[in-house]
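Peer 1: Here it is, the structure in full.
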Amino acid sequence: MDGSPPVVLQGHTLTINSVAWSPDGQRIATASNDHTVKIWSLDGQLQVPIQAHESEVNSVAWSPDSQQLVTASNDRTAKIWSLNGQLEATLQGHSERVMNALWSPDGQHLVTTSNDNTAIIWSSTGQQPVVLPGHTTDITSVAWSPDGQHLVTTSNDNTAIIWSSTGQQKAVLKGHTNAIKSAAWSPDGQRLVTTSFDGTAKIWGTDNQLQATLPIDSSPVKGAAWSPDGKWIMITTDSGRVEIHHSNIDDVFAIAACSIERGFTLEEIDRFDITKPLYFDIQKRQCSP
């Protein structure tokens, strides 16, 4: 951000669906409906063009060591590529379009999601793939926990499911009334935020219980991202709004109690899924002078 003009990456002939920085910060990869993936230098020079798939490429992601790429496509496959564009593996197992492919933080596993309602965990050590068959309709997103021990899938069936890295279903998160479009782990891996077309984001705790509901907008809520310190959550919506919310529910309750100078109404308690009456006791609030 030194005032230099932006670098434009030109080369794709159709919509670009996905872009990813390499973890070492040295390269950029793009994936497009033109069936190709392209690797670029930071100054915008095309380094490696890859004729990747027989159909649209929906996502591209780097391995943690920046030495490989994985792509997901409407041709029902995911593929692993070297830095010079050589095909290293084709992952076949889904019966419909593959929408996402993502490496685990340690690079030992990959997860793919598909419109066949399943996710598949693939091992780099030759173990058999593990199919995750928990959803009843399209999976919309997937995310590994920071320590790589768990992953979460979200779906148009209004649920999110937490899995172990070996494919064991650990919890089904229910509470949204419309499709869930994304989920993001807090930096410490202790909480999750989910976003939904029901116009809300929800924060879930370590016990997989709902901690709070954030009523965002009347339009669908599409994405969420945590600040690096885990104190804030940024939410995006279909209406073009971006909202930043405090993520520490205890702090939010205390701030609210000090601001309104009264207890919370039953309507407020119900709307925000508040389950800790302690925080609404005016006599116990602690406010700065």
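No lab work stands behind these numbers, since they all come straight from the coordinates. This one's a predicted model, so the numbers in the text were calculated from it and none came from an experiment. FYI the Cβ positions are ideal-geometry reconstructions off the backbone, even for glycines, and counts take in every protein chain you see.
Peer 1: Quote the charge dipole size of the range 1-144 about the Cα centre in Debye, to the nearest 20; the model charges only the Cβ of Lys and Arg (+1) and of Asp and Glu (-1).
Peer 2: 80
Peer 1: Once you keep just the Cα pairs under 8 angstrom separated by 6 or more residues, what percentage relative contact order results for the chain?
Peer 2: 7
Peer 1: Beta carbons within 10 angstrom, averaged per residue: use that to sort the peptides 57-66, 205-214, highest first.
Peer 2: 57-66, 205-214
Peer 1: In addition: At 1.306 mPa s and 10 °C, plugging the Kirkwood radius over alpha-carbon pairs of the chain into Stokes-Einstein gives what diffusion coefficient in µm²/s?
Peer 2: Using the Kirkwood radius from Cα pairs, D works out to 77 µm²/s.
Peer 1: Here is a follow-up. If contacts are Cα pairs under 8 angstrom and at least 6 residues apart, what is the relative contact order of the range 189-232 in percent?
Peer 2: Here the relative contact order equals 35 percent.
Peer 1: Would you mind checking the pairs K38/K181; K174/K222; K38/K222; K181/K202; K79/K170; K174/K202 and listing those with alpha carbons more than 19 angstrom apart?
Peer 2: Listed pairs above 19 Å: K38/K181; K38/K222; K79/K170.
Peer 1: Mean separation of Cα pairs under 8 Å and 6+ residues apart, divided by the residue count of the range 120-172: what relative contact order is that in percent?
Peer 2: 27
Peer 1: Follow-up question, since we're still on this one. Convert 37 °C to kelvin, take the viscosity as 0.692 mPa s, use the Kirkwood radius over C-alpha pairs of the range 1-154 as Rh, and evaluate the Stokes-Einstein diffusion coefficient in µm²/s, rounded to a whole number.
Peer 2: 208
Peer 1: In degrees, nearest 10, range 0 to 90: what is the angle between the Cα axis of helix 249-260 and the longest Cα principal axis of the chain?
Peer 2: Tilt of helix 249-260: around 40 degrees.
Peer 1: Under a 5 Å amide H to amide H cut-off, with H placed in plane at 1.01 Å, what residues pair with N208 once short-range neighbours are removed?
Peer 2: Correct list: empty.
Peer 1: Given charges of +1 on the Cβ of Lys and Arg and -1 on the Cβ of Asp and Glu, with all other atoms neutral, how large is the dipole of the chain about its Cα centre, in debye to the nearest 20?
Peer 2: With only Lys, Arg, Asp and Glu charged at Cβ, the dipole is about 180 debye.
Peer 1: Separate question: Could you order the peptides 5-11, 32-38 from most to least packed, using the average number of other C-beta atoms within 10 Å per residue?
Peer 2: Per-residue Cβ counts within 10 Å, averaged per peptide and sorted highest first, yield 32-38, 5-11.
Peer 1: Follow-up. Can you compute the FRET efficiency between T136 and S41 using 1/(1 + (r/R0)^6), with r the Cβ-Cβ distance and R0 = 51 Å? Round to the nearest 0.05.
Peer 2: With R0 = 51 Å, the Cβ-Cβ based efficiency is 0.70.
Peer 1: Does the range 127-241 come out rounded, prolate or oblate, given a ≥ b ≥ c as the square roots of the eigenvalues of its C-alpha gyration tensor, rounded meaning a/c under 1.5 and, failing that, prolate meaning a/b above b/c?
Peer 2: It comes out oblate by the Cα gyration axes.
Peer 1: Here is a follow-up. Arrange the peptides 76-85, 130-139, 179-188 so that the one whose residues have, on average, the most other Cβ atoms within 10 Å appears first.
Peer 2: By packing density, highest mean first, the sequence is 179-188, 76-85, 130-139.
Peer 1: For A20 paired with S66, estimate the spin-label separation in nm (one decimal), with each label point 7 Å from Cα along the Cα-to-Cβ line.
Peer 2: Taking the simple label geometry, A20 and S66 are separated by 1.5 nm.
Peer 1: Still on this structure, I have one more. Quick one: what are the phi-derived ³J(HN,Hα) couplings along the range 59-75, Karplus 6.51/-1.76/1.60 with θ = phi - 60°, whole Hz, x for glycine and proline?
Peer 2: 8, 9, 8, 8, 6, x, 8, 6, 9, 9, 10, 10, 10, 10, 9, 5, 7
Peer 1: Taking +1 at the Cβ of each Lys and Arg and -1 at the Cβ of each Asp and Glu, which of T13, N100, T140 sits farthest along the dipole of the chain towards its positive end, judged by Cα position relative to the Cα centre?
Peer 2: T140
Peer 1: Any chance you could run the full-extension gain for S124 through E96? It's 0.36 nm times the residue separation minus the Cα-Cα distance, nm to one decimal.
Peer 2: My answer for the length gained is 7.8 nm.
Peer 1: What are the residues whose amide H is under 5 Å from the amide H of G175, where those residues sit 5 or more places off or on another chain and H is modelled from the backbone?
Peer 2: Under 5 Å from the amide H of G175 lies no amide H from a residue far enough along the sequence or on another chain.
Peer 1: Here is a further query. Taking amide H positions as placed 1.01 Å from N in the peptide plane, with prolines and chain starts having none, which residues 5 or more places from T237, or on another chain, fall under 5 Å of its amide H?
Peer 2: When sequence neighbours closer than 5 places are left aside, the close amide H contacts are K222.
Peer 1: Right, something else. ³J(HN,Hα) across the range 207-216 via Karplus (A = 6.51, B = -1.76, C = 1.60, θ = phi - 60°), whole Hz, x for Gly/Pro?
Peer 2: 8, 6, 9, 5, 8, 6, 10, 9, x, 8
Peer 1: How high is the FRET efficiency between N84 and Q10 when r is their beta carbon distance and R₀ equals 25 Å, given to the nearest 0.05?
Peer 2: So, using R0 = 25 Å, E works out to roughly 0.70.
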